[in-house]
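What follows is a short report on a single structure.
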Amino acid sequence: MAKYRWIERSIDDLNTVAQLRKELNDLPDALARALVLRGIDSFDAAKHYFRPSLSDLHDPFLMLDMDVAADRVVHAIQQKERVLVYGDYDVDGTTSTALMTSFLREQGVDAAYFIPNRFEHGYGLNNAGIDYAAEQGTTLIIAIDCGITAHAEAKYARARGIDLIICDHHTAGEEAPDALAVLDPKRPGCDYPFKELSGCGVAFKLVQAVLNRLGKAPEQALPYLDLVAISTVSDIVPLNGENRILMREGFERLRETSRLGLRKLAQQARMDLNDLSVTNIVFGIGPRINAAGRLDEASRAVDLMLATDEVEANELVRWLEDANERRRALDREIQEEAIRKATLQMSGRHRHALVLHDPEWHQGVIGIVASRVVERFNRPAVMLCTVNGFAKGSARSINGVNIYDAIQSCADLLERFGGHDHAAGLTLPEANVEAFRTRLDAAVGDMMTPDMVQPSIEVDAPLDLAEVDNRFWNVLRQFAPFGPENMKPIFHARGLEVVGRPKTVGGGGSHLKLQVRSGTSLDTLPRPVIAFGMGEQLPVVLESQRQGQPLEMVFCIEENTWKGRTTLQLRAKDLRLEGSAQ
């Protein structure tokens, strides 16, 4: 039986696909469908998609308050004021902090930075950081990747005689904090055309604006795009529009980055910057930067990104590697306990949502584990530990269930909460955990439909493997970089004949390797298939081969390099005997 429900994404007007195929020199139908599904419905749109240009970046002064913010930073540069960059402890926050600090220092500003401690200060702008700024003689704070809800803290900074510029990208309320300038494309009344910048992306726009006011060449902002690329990937913002432009150019800058710390970090992750991909950042650079804030002081990650001394950089890289190893060990330990608790909850009665609580769980990793629980059980999950007598934690959800709305329906049981459709954070008295578990389960139950019990996978287009030639791949590879709103296209092939000897590979035979060819066309070339985490499907493949019953499969196409040789392979997402019930 297939693991997923296969849902073919629908297109309102199929004539759009036919017209795009014609405009793009008879592009294969599967690729034309994939483009239209990504909003690319004309030759001009395709040109901008495949050839994103820095000239297409929006004017930073279209962002509300940008003129005020840029003028204030210029004043600080000219007057040689002391400025504090106030960041967040995740990858977006630390890269933003490194970007703004390095820019200000290069302009001759006495710039320091402050990253709150997750365990001592909690999230966001707080009075302790403002007090630190005042003690240092700071006259301007630039808060990045945080601050859009910091109304009380903005007033406190004003009371202490410190100007505050907020650069954020999170959802804003109707009323902005009382700061000198508030830069957030999601802020009501802001006409900036692209709303999905990362926090580091907003900081980059401020750098562009300041250079403009200083009469300096706009190209001077481009070296900071290596940091913007890392933040954009790690913060899971949509990889379309302006982010696609920043990512493309950012990857080029990252490949040749002069930042000693980033080069050392890539070496530690055994990553070749010349062969850069989103995956490299998601699984190589990002977790190591994140580990600092999850377990200790996120400022160490900023120290590394600003390091110019090789000895210091090597020490910081070793420290981050150790922190990441400790994070991974905690992750594994807590994940095992969480799955055990979740299994017990699921065995008691039918659960729509899982609320898991252990006072001793580590606050820095429970969000990661919550995502793993969701993947395992296909249920929204809340992971809670105990901090100063309160249950505190993170929630993650499945498609179709707005976890923020579900949590909001339990607001009377909570001290505080915040988030969005797929993820949220919350704090509540320990005594309320059981009541919250019951109420949240009911709220999620009202949102779920029966078909949500089995996870689904969305398919871009049917595909005959005979169409996968050099031209097909050369076009498909230009869809990258991949991420939210621009995921790798998923194709559906029928009539597949299994050839050769299928086998399981990996620890415990967890993965599946096989070869297939299309029995519905003249294509006789065997196509290698890798199916990660699908080792249990080997009997289905063997049955197909033994009985001569074709397979059908949903998959993406990727390159595989082995012993210096690069070939195309199909990465299976799910498979089944053709015609079998889902």
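With a Förster radius of 60 Å applied to the C-beta separation of N25 and A152, the computed FRET efficiency comes to 0.50. For the range 497-566 versus the range 1-72, the spacing of their alpha-carbon centroids is 32 Å. Distance between the C-alpha centers of the range 356-400 and the range 296-352? Whole Å please. So the separation of the two Cα centres works out to 14 Å.
Each part gets one Cα centre, and for the range 429-448 versus the range 89-149 those centres are 36 Å apart.
Remark on V459: its backbone amide H falls under 5 Å from those of I7, E8, R9, a criterion applied only to residues 5 or more positions apart or on other chains, H modelled at 1.01 Å from N. Helical content of the chain, expressed as a calculated mean residue ellipticity at 222 nm, amounts to -12500 deg cm²/dmol (DSSP H runs of 4 or more residues, -39,500 (n - 2.57) each, divided by residue number, nearest 500).
Annotation: amide H of V85 within the under-5 Å range of A112, Y113, F114, I142, sequence separation 5 or more or interchain, hydrogens built in the peptide plane. When a/c is below 1.5 the answer is rounded, else prolate if a/b is larger than b/c, else oblate, so apply that to the range 340-470 with a ≥ b ≥ c taken from the square roots of the Cα gyration tensor eigenvalues. The shape class here is prolate.
Sorted from longest to shortest, the spans of the Cα atoms of the range 59-215 along the three principal axes equal 37, 33, 29 Å.
Return the FRET efficiency for the residue pair V453, T567: r is the Cβ-Cβ distance, R0 is 41 Å, and the value is rounded to the nearest 0.05. Working from the Cβ atoms, E equals 0.60. Computed with the Debye formula from one identical point scatterer per Cα of the range 342-408, without solvent, the log10 of I(q)/I(0) at q = 0.29 Å⁻¹ comes to -1.30. Using the Cβ-Cβ distance between L62 and E219 with R0 = 30 Å, the FRET efficiency computed as 1/(1 + (r/R0)^6) comes to roughly 0.90. Only Cα pairs under 8 Å and 6+ residues apart enter the sum, and on that basis the relative contact order of the chain stands at 12 percent.
Simple rule: put +1 on each Lys or Arg Cβ and -1 on each Asp or Glu Cβ in the range 59-215, find the dipole, and look at Q79, A112, A150; the Cα lying farthest toward the positive end is Q79. Along the range 499-505 the Karplus relation, 6.51 cos²θ - 1.76 cosθ + 1.60 evaluated at θ = phi - 60°, assigns HN-Hα couplings of 10, x, 10, x, 7, 9, 9 Hz to successive residues, with x for each Gly and Pro. Taking label points 7 Å from Cα along the Cα-to-Cβ direction, T308 and E336 give a separation of 4.7 nm. Taking a ≥ b ≥ c as the square roots of the eigenvalues of the Cα gyration tensor, the range 43-111 is classed as prolate, since a/c reaches at least 1.5 and a/b is larger than b/c. Step through the table entries K47/K216; K80/K216; K186/K392; K186/K488; K186/K573, compare each Cα-Cα distance with 25 Å, and write down the pairs that go over it. Over 25 Å apart, Cα to Cα: K47/K216; K186/K392; K186/K488; K186/K573. Bridge orientation summary for the chain: considering DSSP beta bridges with both residues in this region, about 60 percent are antiparallel.
Placing dummy labels 7 Å off each Cα toward the beta-carbon, the span from E174 to R270 is 5.5 nm. Computed from phi, the 3J(HN,Hα) profile of the range 406-421 under the Karplus parametrisation 6.51, -1.76, 1.60 (θ = phi - 60°) reads 5, 5, 4, 5, 10, 4, 5, 8, 10, 7, 7, 7, x, x, 8, 3 Hz, with x in place of Gly and Pro. Projecting label points 7 angstrom from Cα along Cα→Cβ for S580 and K186 puts them 4.2 nm apart. Relative contact order of the range 59-215: 29 percent, from C-alpha pairs under 8 Å at least 6 residues apart in sequence.
Between R477 and R328, the contour length at 0.36 nm per residue exceeds the alpha carbon distance by 50.4 nm.
Just to compare against my own numbers: the Cα pair-distance distribution for the chain, 10 Å bins, whole % per bin, please. Binned Cα distances yield the sequence 3, 15, 24, 27, 20, 9, 2, 0, 0.
Packing here is the average count of other Cβ atoms within 10 Å per residue, and on that basis the peptides 389-400, 196-207, 311-322, highest first, run 196-207, 389-400, 311-322. The stretch between Y4 and V282, if pulled fully straight at 0.36 nm per residue, gains 97.6 nm over its current Cα-Cα span.
Taken together, the values in this text are just the output of simple stated rules run on the coordinates, not laboratory data. All values derive from a computational prediction rather than experimental measurement. Methodologically, a virtual Cβ is constructed for each residue, glycine included, from the backbone with ideal geometry; neighbour enumeration extends over all protein chains shown.
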